[in-house]
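Comments concern the structure below.
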Amino acid sequence: MRLLFIWSMVFLITTPSLLKATDPWLKADSILNSIKEPQFPNRSYKITDYKGKSGSGFDNTKIINRLIDRCSKAGGGKVVIPEGVFFTGPITLKSNVNLHLEEGAVLKFSNNPADYTPFVETRWEGMDVINYRPLIYANGVTNIAVTGNGKLDGQATNETWWWMKGRTNYGWDKSMPSQYDTGRPKLMKWVDENTPIKERVLTQKDLLRPQFISPIHSSNILIEGVTIVDAPFWVIHPIFCNNIIVRNVSVISHGPNNDGCNPESCRNVLIEGSTFDTGDDCIAIKSGRNNDGRNTPIPSENIVVRNCFMKDGHGGVVMGSEISAGVRNVFVEECKMDSPELERVVRIKSNTVRGGFVDGLYLRNIEVGECKGPIFLIELDYEPEDGTGDFPPVIKNIVMDNVTSNKSNNGVLIRGLKESIQITDIDFINCHFNNVTHPVSISGAKNINFKNFNTNVIEVK
């Protein structure tokens with residue numbers, strides 16, 4: 001590949017849409033003021049004081065869950081995992097309980113699928129289902145936390161959970177079943193037919209892997225300080241939850257669909273100070289897929305992401321692809337993203353079958369080192385194998401301000417619909433993208449504005 005020349009491309013276009021009547025970041029301040037950190041009584045239960053033991057020969061599942069239940073019934077407090085390596089199966093959090101991992105504590109979760117039964121209410125790729133119990137689960141509770149400087153290890157490998165994806169690079173071969181010919185088509189058929197959730201009961205043979213941390217119908221949630229590695233599926237996945245803080249967490253998990261943090265149909269969310277090094281999206285905001293999103297039209301809204309670092313991943317901050325109920329009021333600031341294996345920085349993905357909307361996405365002060373693909377991507381033709389539907393997505397009111405990049409293949413890439421304009425009102429202000437092969441490509445959109453936007457383009461042959 002031979003370098004031909006470098007040239008600069010500068011846009012200086014000012015339109016009335018760039019002069020906002022009110023500062024949208026005032027809304028971010030309001031969101032932050034409304035989010036309250038859960039508080040816990042000064043009461044603690046250390047598992048080693050109740051016959052918990054470190055080492056691979058001892059299963060602490062019953063002890064941990066009994067202490068959580070006891071702590072909750074007493075009014076709340078901490079269940080403490082001390083320094084050491086402790087083995088466990090699934091953990092269920094109860095109201096007013098903080099599962100706290102001290103420095104040097106490691107919780108290693110079983111990778112035997114049989115341990116994650118009986119199945120529970122959850123969502124899988126935006127579809128409501130009775131499926132594997134997540135490694136850490138909660139349903140209908142308030143004031144819960146997972147905190148401390150310890151490690152949560154899902155122990156997922158190509159030999160255990162990951163092969164179920166049905167990809168040869170994760171240990172699968174053609175002689176084996178996979179999610180694509182077992183549970184996934186079954187679940188999608190149930191969604192299309194509006195089958196009641198109580199009848200959507202999967203089995204172990206359906207191979208739909210569990211999430212790592214996934215509360216549902218819960219509120220006042222804190223996940224802070226922990227390192228999370230080797231998840232079976234999505235890592236942090238709150239569903240229908242309110243008032244969530246994810247702070248100073250490290251997610252290092254490179255398996256299939258190992259998204260870092262996916263709030264789904266959640267409200268009032270703060271994700272800050274965290275590092276994401278993942279096998280899929282770093283942060284992906286979701287709100288249900290197809291009929292399940294439309295029949296329970298709860299958008300994800302009022303979400304602030306700040307001071308995070310994104311390394312490997314399919315996207316840094318992503319909306320979709322399951323956003324049938326929509327996404328509203330997302331604010332991203334003071335983040336750094338840098339990796340040759342980071343495929344996109346900001347991505348919005350949907351199609352006319354999934355539909356949904358994004359209304360209000362604001363980014364400022366984002367520093368990108370290297371990105372493999374686009375800095376900003378909208379694709380309304382995501383997964384064309386879905387076919388066509390009657391639900392064209394609507395994308396509007398997006399501002400990128402002071403976003404810089406040192407290297408990427410694309411700068412701005414917007415692919416709308418051919419039959420109608422569904423993408424409007426996007427402003428790029430003070431954005432500087434260096435070493436870009438393809439600076440700007442826009443189709444199926446209108447009122448896309450640039451102010452003090454420039455790209456340093458490298459053409460190669």
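The values are calculated or read from the model by the stated rules, or taken from the named source; none is laboratory data. This is a predicted model, so every value here is computed, not measured. Neighbour counts are summed over all protein chains in view; Cβ atoms, including those assigned to glycine, are modelled from backbone coordinates with ideal geometry.
For the range 203-233, which positions are in contact with a Phe, Trp or Tyr (Cβ under 6 Å, 6 or more places away or on another chain) and acidic (Asp, Glu)?
none
Is there any pair linking a residue in the range 112-132 that is more than 19 Å from residue 185 (Cα to Cα) to one that is modelled with pLDDT of 95 or more and among the basic types (Lys, Arg), with Cβ under 8 Å and at least six apart or on different chains, and which?
116/133; 117/133; 118/133; 120/133
Which residues, counting only those in the range 149-172, are surrounded by fewer than 22 Cβ atoms within 10 Å (Cβ to Cβ) and in a strand (DSSP E or B)?
Within the range 149-172, 151, 153 qualify.
Do you know which residues across the range 182-220 are without any contact (Cβ under 8 Å) to a residue 12 or more places away in the chain and of a type in the set (D, E, K, R)?
Scanning the range 182-220 gives 189, 193, 199.
Which fully enclosed strands (runs of 3 or more DSSP E) of the range 259-354 have 2 or more residues being at pLDDT 95 or above and among the hydrophobic types (A, V, I, L, M, F, W, C)?
267-272, 283-285, 300-306, 317-319, 327-333, 346-349
When you check residue 144 against the structure, is it among the β-branched types (Val, Ile, Thr), touching a helix residue (DSSP H, G or I) at 6+ places or on another chain (Cβ under 7 Å) and assigned by TED's automatic domain parsing to the domain that holds residue 234, yes or no?
Spelling it out, it is not the case that residue 144 is among the β-branched types (Val, Ile, Thr), touching a helix residue (DSSP H, G or I) at 6+ places or on another chain (Cβ under 7 Å) and assigned by TED's automatic domain parsing to the domain that holds residue 234.
Restricting attention to the range 155-187, report how many residues are in contact with a strand residue (DSSP E or B) (Cβ under 7 Å, 6 or more places away or on another chain) and either not assigned by TED's automatic domain parsing to the domain that holds residue 130 or not polar (S, T, N, Q) (or both).
Here the count works out to 1.
Which of the residues belonging to the range 56-69 are in contact with a strand residue (DSSP E or B) (Cβ under 7 Å, 6 or more places away or on another chain) and either under 14 Å from residue 115 (Cβ atoms) or surrounded by fewer than 19 Cβ atoms within 10 Å (Cβ to Cβ) (or both)?
56, 58, 59, 60, 61, 64, 65
Which residue pairs have Cβ atoms under 8 Å apart, sit 6 or more places apart or on different chains, and have a first residue in the range 375-396 that is buried (at least 24 other Cβ atoms within 10 Å of the Cβ) and a second that is of a type in the set (Ser, Thr, Tyr)?
Listed by first residue and then by second, the contacts come to 375/405; 375/408; 380/350; 380/352; 393/350; 393/352; 395/424.
Residue under question is residue 108, and the condition is that it be of a type in the set (D, E, K, R) and farther than 19 Å from residue 227 by Cβ; does it hold?
Against the criterion (of a type in the set (D, E, K, R) and farther than 19 Å from residue 227 by Cβ), residue 108 does not qualify.
Are there any strands (runs of 3 or more DSSP E) wholly within the range 368-437 with 3 or more residues that are farther than 22 Å from residue 312 by Cβ and outside the structural domain of residue 338 (by TED's automatic domain parsing), and if so which?
Counting at least 3 such residues, we get no strands (runs of 3 or more DSSP E) at all.
Tally up the residues in the range 73-88 that are in contact (Cβ under 8 Å) with a residue 40 or more places away in the chain and more than 16 Å from residue 107 (Cα to Cα), please.
Result for the range 73-88: 1.
Yes/no matrix, rows are residues, columns are (1) outside the structural domain of residue 303 (by TED's automatic domain parsing); (2) in contact with a strand residue (DSSP E or B) (Cβ under 7 Å, 6 or more places away or on another chain); (3) over 20 Å from residue 299 (Cα atoms):
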| residue | (1), (2), (3) |
| --- | --- |
| 221 | yes, yes, no |
| 230 | yes, yes, yes |
| 261 | yes, yes, no |
| 265 | yes, yes, no |
| 271 | yes, yes, no |
| 285 | no, yes, no |
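Are any residues in the range 406-441 in contact with an Asp or Glu (Cβ under 8 Å, 6 or more places away or on another chain) and among the small types (Gly, Ala, Ser), and if so, which ones?
Listed by number, the list holds a single entry, 408.
Tell me the residue from 451, 446 that is within 24 Å of residue 24 (Cα to Cα) and either touching a Lys or Arg at 6+ places or on another chain (Cβ under 6 Å) or buried (at least 16 other Cβ atoms within 10 Å of the Cβ) (or both), please.
That would be 451, the only listed residue that is within 24 Å of residue 24 (Cα to Cα) and either touching a Lys or Arg at 6+ places or on another chain (Cβ under 6 Å) or buried (at least 16 other Cβ atoms within 10 Å of the Cβ) (or both).
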